[in-house]
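Presented below is the structure to which this report refers.
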Amino acid sequence: MAKIKKGDLVQVISGAKPERGGDRGKQGKVLEVLTERNRVIVEGVNYVTKHTRVGQTQRGTKTGGIETFEAPIHISNVAVVDPETKKPTRVGRRVEEQVKDGNKRIVRVRFAKKSGKDL
């Protein structure tokens, strides 16, 4: 089971500093997880520009030009953000027993481990 899922709030923990034009320290929501390539696409992080050839559609509208979009970033370069402290943290799993409509069910639940909290 993956530790990072679509919709998680993550923070970039490696790369160039923002002063040098990098994305380290930025937080964003995971838009897509590419499991076969071990990469994630994060909203507002790792913007790249792509030049596409200008063409015409059948209706006569122009297509192409310079497009900007988020490129994938390696999954090891991001960390899940703890919703309470808003700091990057590690994710653990624990087994809990839920009772729903009188039926007991064993469920694995993700939880944020300690993230800079005072002991």
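Data overview
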item	result
Breaking point among (1) assigned by the TED database to the domain that holds Ile4; (2) part of a strand (DSSP E or B); (3) of a type outside the set (Ser, Thr, Tyr), for Glu97	(1)
Every residue from the range 36-82 that is outside any strand (DSSP E or B) and surrounded by fewer than 10 Cβ atoms within 10 Å (Cβ to Cβ)	Glu36, Thr57, Gln58, Arg59, Gly60, Thr61
Any pair with Cβ under 8 angstrom, 6 or more apart, that starts in the range 37-50 at a residue that is touching a residue at least 24 places away in the same chain (Cβ under 8 Å) and within 19 Å of Gly21 (Cβ to Cβ) and ends at one that is assigned to a strand (DSSP E or B) and open to solvent by 50 Å² or more (accessible area, probe 1.4 Å)	Val42/Lys29; Val42/Leu31; Glu43/Lys29; Glu43/Leu31; Tyr47/Thr68; Tyr47/Phe69
Residue tally, condition aliphatic (A, V, I, L, M) and either surrounded by 13 or more Cβ atoms within 10 Å (Cβ to Cβ) or not in a strand (DSSP E or B) (or both), over the range 100-115	1
Which numbered condition Leu31 fails, given (1) assigned to a strand (DSSP E or B); (2) over 14 Å from the mean Cα position of the chain (by Cα); (3) surrounded by 13 or more Cβ atoms within 10 Å (Cβ to Cβ)	(2)
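The values are calculated or read from the model by the stated rules, or taken from the named source; none is laboratory data. Quick caveat: nothing in here was measured; it's all calculated off a predicted structure. All Cβ positions, even for glycine, are placed from backbone atoms using ideal geometry, and neighbour counts span all protein chains on display. Surface accessibility is based on the protein's heavy atoms, side chains included, excluding ligands, DNA and RNA. Shrake-Rupley method; radii C 1.70, N 1.55, O 1.52, S 1.80 Å.
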